[in-house]
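Novice: Submitted below is the structure of interest, expressed as structure tokens.
The values are calculated or read from the model by the stated rules, or taken from the named source; none is laboratory data. The structure presented is a predicted model; accordingly, all values stated were derived computationally and were not measured. Here the Cβ is made from the backbone with ideal geometry for all residues, glycine too, and neighbour counts use every protein chain on show.
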Amino acid sequence: MLQVAGEIHAGEAADAMREVARRQRGSIGVYWLRMLSFPAVGGLVGYGLAFLLSFVIDSSALFAAPVIGFVIGYVIWSQRAKRFVLKRFRREMATRNLQLRYPTSFTVDDEGLHCISGPVSSSAEWSAVTDLFLEQGYWVFMVQMSPWVCPRRLFTTPADERAFITGALDRMSESARNHSRQAVNAMRTAA
């Protein structure tokens, strides 16, 4: 049996979730196109209003105002959103008297992958583990498209990490290993 243990702070793996999101949502180009289509329409409406106002008010700045406002607002929001959401998430947990730090352990054995984090225990048979990848200092196990996130800092040595990840890869299905090329390659170069 292989095991790694330590503590996870609520919301700390937010950066690693970008890769999870990419794997779940697909192409970033299509994602951004969808996401920006509504603000773009709003910007065009604002531009149309500025155009109509230009007949009443003599100002060429009216044309750029909706576009500039849209861009500035979007940039500010995108820079602040993560911190705002994480702070709000932790505050909400505290108001519910939930801990913000949990003793956490991951176990790899022949039965499957097991995670105990505070009062929550989860187990997954190897057939449910579909992908394993490293992102932002976290090993992310995709368990039926739900991410289980194991911080690298839980491993006391690189050899412990290599044994744990290799043990997991050895037990995963061939299809799952094929989806886990990054992890397979990382273990080859670490050996």
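Novice: Quick one: which residue in ALA128, ALA94 is closer than 30 Å to ALA176 by Cα and free of Cβ contacts under 8 Å to residues at least 24 places away in the same chain?
Specialist: Residue meeting the stated conditions: ALA128.
Novice: Among the residues of the stretch 133-164, which ones are under 13 Å from the mean Cα position of the chain (by Cα) and of a type in the set (Val, Ile, Thr)?
Specialist: VAL140, VAL149
Novice: Inspect all residues belonging to the stretch 81-93 and state whether any of them is at pLDDT 65 or above, of a type outside the set (A, V, I, L, M, F, W, C) and either over 27 Å from TRP148 (Cβ atoms) or touching a helix residue (DSSP H, G or I) at 6+ places or on another chain (Cβ under 7 Å) (or both).
Specialist: no
Novice: Go over the candidates PRO147, PRO103 one by one and state the one that is surrounded by fewer than 13 Cβ atoms within 10 Å (Cβ to Cβ), in a strand (DSSP E or B) and not aromatic (Phe, Trp, Tyr).
Specialist: PRO103
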